[in-house]
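A quick write-up on the structure given underneath.
Just so it is clear, none of the values below were taken in a lab; they were calculated from the coordinates. Note that the coordinates shown come from a computational prediction; the quantities given were computed from them, not determined experimentally. Cβ atoms come from the backbone with ideal geometry, glycine included; neighbour counts cover every protein chain shown.
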Amino acid sequence: MSLRRQNGFTLIELMVTLTVFVILASIAYPSFRSMIRSNRLATANNEVIALTNLARSEAIRNNRGGGLCGSTDGQACDGEWSKGLLAWSDLDADGVLGSNDSVLRFSLGNPQLSVVGPPGATIAFDGRGRRKAADDQTVVLSPASCKAGEQRSTLTINKSGQVRVTKGTCS
């Protein structure tokens, strides 16, 4: 008879290890989901700021204007901010995306986020980089099913074209 020791785990050791793993996973999962939602919101927040700054800098560069609007297809402004965002160069200086204007960048929306843009459907800049609208314009980013206590962001674009971010929670 051989006195060789067998390598491996017993069934008891394997069950204890699996139980500890399941307990740790059940504790970590809600925190991980919250982190993913927070990162998704931060990414969308940064994308809106980048597109706004792109439209504004293009408005200054071409000395005619530029803008940002909600768009479903990346070709026209339709006010569907949750479907996508479109930055454009306003070559005819009318404050509206037309056939003579050029699309700078289109960012497809995330179905898990809700984006509510200004009522006028566009954020337009003049040749000096100042907004054409008289009042501050806001873009609100939140989870698509915003439950009480979840994080949301409000981006306010002032008359001079600067973006201010205010973080809050859903009510």
Response to the item:
Short to long, in 5 Å steps from zero, the percent of alpha-carbon pairs of the range 1-62 per bin is 3, 13, 9, 9, 9, 8, 8, 7, 7, 6, 5, 5, 4, 3, 2, 1, 1, 0, 0
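Starting with the highest mean, order 22-32, 129-139, 103-113 by the number of other Cβ atoms within 10 Å, averaged over the residues of each peptide. Let's see the in-between values first.
Details: 22-32: 9.7, 129-139: 17.2, 103-113: 15.5.
Sorting 22-32, 129-139, 103-113 by mean packing, highest first, produces 129-139, 103-113, 22-32.
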Practice prompt. For the range 26-121, restrict the atom set to alpha-carbon positions and state the Rg and Dmax in Å.
Written response: 15.7, 57
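Determine the equivalent ellipsoid of the chain by diagonalising the alpha-carbon gyration tensor, then write out the semi-axes as square roots of 5 times the eigenvalues, largest first, rounded to whole Å. If you can, show how the numbers build up before the last one.
Working: eigenvalues 507, 61, 32 Å².
Semi-axes, largest first: 50, 17, 13 Å.
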Item to complete: Mind checking which of F106, C69, S34 is farthest towards the positive end of the chain's charge dipole, using Cβ charges of +1 (Lys, Arg) and -1 (Asp, Glu) about the Cα centre?
Response: S34
Practice prompt. Determine the relative contact order of the range 35-171: mean sequence separation of Cα pairs under 8 Å and six or more apart, normalised by residue count, in whole percent.
Written response: 21
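Beta carbons within 10 angstrom, averaged per residue: use that to sort the peptides 160-169, 59-68, highest first.
Details: 160-169: 13.2, 59-68: 21.7.
Taking the mean over residues of other Cβ atoms within 10 Å, the ranking is 59-68, 160-169.
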Worksheet item: How far apart, in nm, are two points set 7 Å out from the Cα along the Cα-to-Cβ line at S171 and at I12?
Response: 5.9
Item to complete: Please list, in chain and number order, the residues 5+ apart from R105 or on another chain whose amide H is under 5 Å from its amide H, with Hs placed from the backbone.
Response: A87
Worksheet item: When we measure straight from the Cα of K147, which aspartates and glutamates land under 12 angstrom away, once same-chain ones fewer than 8 places off are left out?
Response: none
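With +1 on the Cβ of every Lys and Arg and -1 on the Cβ of every Asp and Glu, and nothing else charged, how large is the dipole of the chain about its Cα centre, in debye rounded to the nearest 20?
Values: 19 positive and 14 negative charges, 156 e Å.
Approximately 740 debye in magnitude.
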Fill in: 0 to 90° range, to nearest 10: angle between helix 11-62 axis and the chain longest Cα axis
10
